[in-house]
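*Asks:* Take this structure, written in structure tokens, and hold onto it; I'll ask about it next.
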Amino acid sequence: MRARTFTPIPGFSLTLGVTITYLCLIVLIPLAGVFFKAAGLGLEGLWNTLSAPRVLASLELTFGSALIAACANAVFGLLVAWVFVRYEFPGKRLFDSTIDLPFALPTAVAGIALTSLYAGNGWIGQFLEPHGIKVAYTPLGIIVAMTFIGLPFVVRTVEPVLREAEKELEEAAASLGANRWQTVSRVILPAVGPALLTGFALALARAVGEYGSIIFIAGNIPMVSEIAPLLIIIKLEEFDYAGATAIAAAMLVISFTLLLAINGLQAYVRRRKA
Amino acid sequence: MSVDHSLLDPPKLPFEPLIERNAVITEQPWVRWLLTALALVFLSAFLLLPLVSVFVEALRGGVHAYFAAFKEPDALAAIKLTLLTAAIAVPLNLVFGICAAWAIAKFEFRGKQILITLIDLPFSVSPVVAGLIYVIIFGAQGWAGPWLAAHDIKIIFAVPGIVLATIFITFPFIARELIPLMQEQGQDDEQAALSLGASGWQTFWNITLPNIRWGLLYGVLLCNARAMGEFGAVSVVSGHIRGKTNTMPLHIEILYNEYAFSAAFAVASLLALLALLTLGLKALVEWRHADELAATRRH
């Protein structure tokens, strides 16, 4: 490959060569391996694995919970982003750092911490259990863990857009007689919409693949609270490589579709800005 | 971080109607108060409380029991393996990240957008699937399995597999921080250095590296935190052999499943400290070098 325009800066073929070689060795070739292996099963073999009730239940649970968690993240993420961009309050810098906690805290640590909090005798669980709300070891726990790990995606995607939103537009809306709620819902939210959707999709993609923080809190009962990544591991432990590959391929296809959607959205946002 | 409107707004004079002007684009005090309270309660209950609980649970058995958890040979082996894995994965991804950012930011070529998307790919792959892809290739039943067995090379259920899976998971971290930063900075500085007779390496060491060092540090911190904390991918390829192929997160899982809660939380508290350190350094870097990182954050 050749640089399109002339530049005196050296190192194009070296750096691009290293980049592409490393990318192929670590990511592309191994990933292609899954699809080759899955293709080897044939459509019928794939269908047989994926249509098994236990697999279907796990995929449904994974995507259903991830969808709910991403929705919760969209709501609370927007709220948090709004408060941090628009208002001043003491301890703001400290709280701002905690938003990134789910990025930095290892998932296994988050998993055991959430489980101990939401268990029947935990700090939060002891207040919920008397009302009949069981979180730990139920599908609800899965949603809690997925919300935990997805929150920063929404906040960090929405924040910069909200910060750059032009106040003049809001002033114009107000001067034309809109009340505050009308301004927010008809001027600000539409401007933030694409970023919010991107954050939602990122949180969704992360939640679908999440494993470490979930398996401790989920209870892992087949057909009830067994997520798809866990089922892959169970199949591997049973030496059912074909089954594991089929589920992995299905998950990859769905997450790549999500990734394409995210990229499309970001391109759309960039175009509208320009 | 608030936006400074002092340059946009007219100067504040005692009788000027600035207060009213701002009043139309903000909420009533009780709404502001309510929203702030809601957001902070949510953050505290959802993010801070789990962190606090790690330390409380870890110290529940007393300070003595806390430190005893680290004296165990299995725990020590897990800590060593975690450090070793990060020590291999982070530098490799650092070299890759710099190469990728250099190629993408300094040159125009066809397929650049696709390349950026491909670099991001590991972000959207489930950690479990990331581990699985290496089992399919290097595992006993995998493509390279028979050849590896014949030459007595162990990758899966051994340290190389753990390192590979960790590299995959942390693959985009540094590249992703550097690409937008270097794109923003353009190539004027480098061109000036080159025209004054500096060699390519001199330009890189003396011009580019100082320009990107804070973004680089930030990327390395995130990459390291993830490398040391990775659980799903490593759990697939490790085989959970105590004292041999257990990293710290895997050791936590074993202790937890054996109901050794205090010990599990003690090891977890080390990783939580690492997370706190990462966030603290990140906040420091952001605070002191906000301008330089602005390019990254906008991404």
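Read-outs: derived from the displayed coordinates by stated rules, not from any lab. On a predicted model such as this, the values are computed, not experimentally measured, just so you know. Cβ atoms come from the backbone with ideal geometry, glycine included; neighbour counts cover every protein chain shown.
*Asks:* Please compute the modelled spin-label separation between A:Asn48 and B:Leu284, points set 7 Å along Cα→Cβ, answer in nm with one decimal.
*Replies:* Here the modelled spin labels are 5.9 nm apart.
*Asks:* First check a/c for the range B:80-181, with a ≥ b ≥ c the square roots of the eigenvalues of its C-alpha gyration tensor; if it is under 1.5, answer rounded, and if not, answer prolate when a/b is larger than b/c or oblate otherwise. Mind dumping the intermediate values first?
*Replies:* Values: a/c = 2.44, a/b = 1.84, b/c = 1.32.
Because a/c hits 1.5 or more and a/b exceeds b/c, the range B:80-181 counts as prolate.
*Asks:* Here is a follow-up. Exposed loop chymotrypsin sites (Phe, Trp or Tyr not before Pro) only (DSSP loop, at most 13 other Cβ atoms within 10 Å): please give the longest stretch of chain A free of them, not including the sites. Don't skip to the end; give the middle numbers.
*Replies:* On the way: sites that count: A:Phe6, A:Phe239.
In short, A:7-238.
*Asks:* To continue, here is another question. Taking every pair of Cα atoms in the range A:127-270, average 1/r, invert it to obtain the Kirkwood radius, and report Rg/Rh to two decimals. Before the final figure, lay out each step's value.
*Replies:* Details: Rg = 20.5 Å, Rh = 18.1 Å.
Expressed as Rg/Rh, it is 1.13.
*Asks:* What is the calculated FRET efficiency for A:Glu60 to A:Leu28, with r their C-beta to C-beta distance and R₀ = 35 Å, to the nearest 0.05? Each step should come with its number before you reach the end.
*Replies:* Numbers: r = 30 Å, r/R0 = 0.86.
My answer for the efficiency is 0.70.
*Asks:* Then there is this: Defining a contact as two alpha carbons under 8 Å apart and six or more residues distant in sequence, what relative contact order in percent does chain A show? Don't jump to the answer; show the numbers that get you there.
*Replies:* Details: 292 pairs, mean separation 76.6, N = 274.
Averaging sequence separation for qualifying contacts and normalising by length gives 28 percent for chain A.
*Asks:* May I ask for the distance between the Cα centers of the range A:131-181 and the range A:211-267, given as a whole number of Å?
*Replies:* With the range A:131-181 and the range A:211-267 each reduced to a Cα centre, they are spaced 26 Å.
*Asks:* What FRET efficiency comes out for B:Gln113 versus B:Arg60 if R0 is 45 angstrom and r is the Cβ-Cβ distance? Round to the nearest 0.05. Write out the running numbers ahead of the final one.
*Replies:* Values: r = 52 Å, r/R0 = 1.15.
According to the calculation, E is roughly 0.30.
*Asks:* Another one. Mean separation of Cα pairs under 8 Å and 6+ residues apart, divided by the residue count of chain B: what relative contact order is that in percent?
*Replies:* 29 percent
*Asks:* Less than 30 Å apart at the alpha-carbon level, and either on another chain or at least 8 residues along: which lysines does that give for A:Lys134?
*Replies:* Of all the lysines, those that pass the test against A:Lys134 - Cα under 30 Å, at least 8 places apart if same chain - are A:Lys235.
*Asks:* Based solely on its DSSP helices, what 222 nm [θ] is calculated for the protein assembly as shown when runs of n ≥ 4 H residues each add -39,500 (n - 2.57) and the sum is averaged over all residues, nearest 500 deg cm²/dmol? Could the numbers behind the result be given before it?
*Replies:* Details: 30 runs with 421 residues, N = 573.
Mean residue ellipticity, 222 nm, calculated: -23500 deg cm²/dmol.
*Asks:* May I pose another question? Just to be sure I understand the rule: take each whole DSSP H helix in chain A, project its Cα atoms onto its long axis, keep it if the span is 15 Å or more and its mean Kyte-Doolittle hydropathy is at least -1.0. Which ones pass? Please report the intermediate quantities before stating the final value.
*Replies:* On the way: long enough: A:12-23 (16 Å, 1.53); A:29-50 (26 Å, 1.05); A:53-86 (48 Å, 1.48); A:107-118 (16 Å, 1.48); A:139-164 (38 Å, 1.24); A:189-209 (29 Å, 1.50); A:241-273 (47 Å, 0.91).
The answer, listed by residue number, is A:12-23, A:29-50, A:53-86, A:107-118, A:139-164, A:189-209, A:241-273.
*Asks:* While we're here: Give the shape of chain B as rounded, prolate or oblate, defined through the alpha-carbon gyration tensor: a ≥ b ≥ c are the square roots of its eigenvalues, a/c under 1.5 means rounded, and otherwise the shape is prolate if a/b is larger than b/c and oblate if not.
*Replies:* On the way: a/c = 2.37, a/b = 1.27, b/c = 1.87.
Oblate, since a/c reaches 1.5 and b/c is not below a/b.
*Asks:* Longest span of chain A, sites excluded, free of trypsin sites (Lys or Arg not before Pro) in DSSP loop with at most 13 other C-beta atoms within 10 Å? Mind showing how you got there, number by number?
*Replies:* Numbers: sites that count: A:Arg2, A:Arg4.
Free of exposed loop sites, the longest segment is A:5-274.
*Asks:* Further question: Using a/c under 1.5 as the rounded threshold, could you call the protein assembly as shown rounded, prolate or oblate? The axes a ≥ b ≥ c are square roots of the C-alpha gyration tensor eigenvalues, and prolate needs a/b larger than b/c, oblate otherwise. Write down the numbers at each step before the final one.
*Replies:* Details: a/c = 1.60, a/b = 1.18, b/c = 1.35.
It comes out oblate by the Cα gyration axes.
*Asks:* Other chains' Cβ within 10 Å of A:222-228 residues: what's the mean?
*Replies:* Working: counts 0, 0, 0, 0, 0, 2, 3.
For peptide A:222-228, the averaged partner shielding equals 1.
*Asks:* Moving on to the next point. Compute the acute angle (0 to 90°) between the alpha-carbon long axis of helix B:127-138 and the principal axis of greatest extent of the alpha-carbon atoms of chain B; round to the nearest 10°.
*Replies:* The answer is roughly 40 degrees.
*Asks:* Take chain B, mark every one of the trypsin sites (Lys or Arg not before Pro) that falls in a DSSP loop and has at most 11 other Cβ within 10 Å, then report the longest stretch left between them, sites excluded. Intermediate results must be reported in sequence, preceding the final value.
*Replies:* Details: sites that count: B:Lys12, B:Arg110.
In chain B, the maximal stretch lacking such sites is B:111-299.
*Asks:* For peptide A:203-213, compute the average count of partner chain beta-carbon atoms within 10 Å of each residue's beta-carbon. Intermediate values should be presented prior to the final figure.
*Replies:* Working: counts 0, 0, 4, 3, 0, 2, 9, 4, 10, 12, 3.
What the average comes to for A:203-213 is 4.
*Asks:* Would you tell me the mean number of C-beta atoms belonging to other protein chains that fall within 10 Å of each C-beta in B:272-280, as a whole number?
*Replies:* Working: counts 7, 0, 4, 9, 5, 1, 5, 9, 2.
Per residue, the average neighbour count from other chains is 5.
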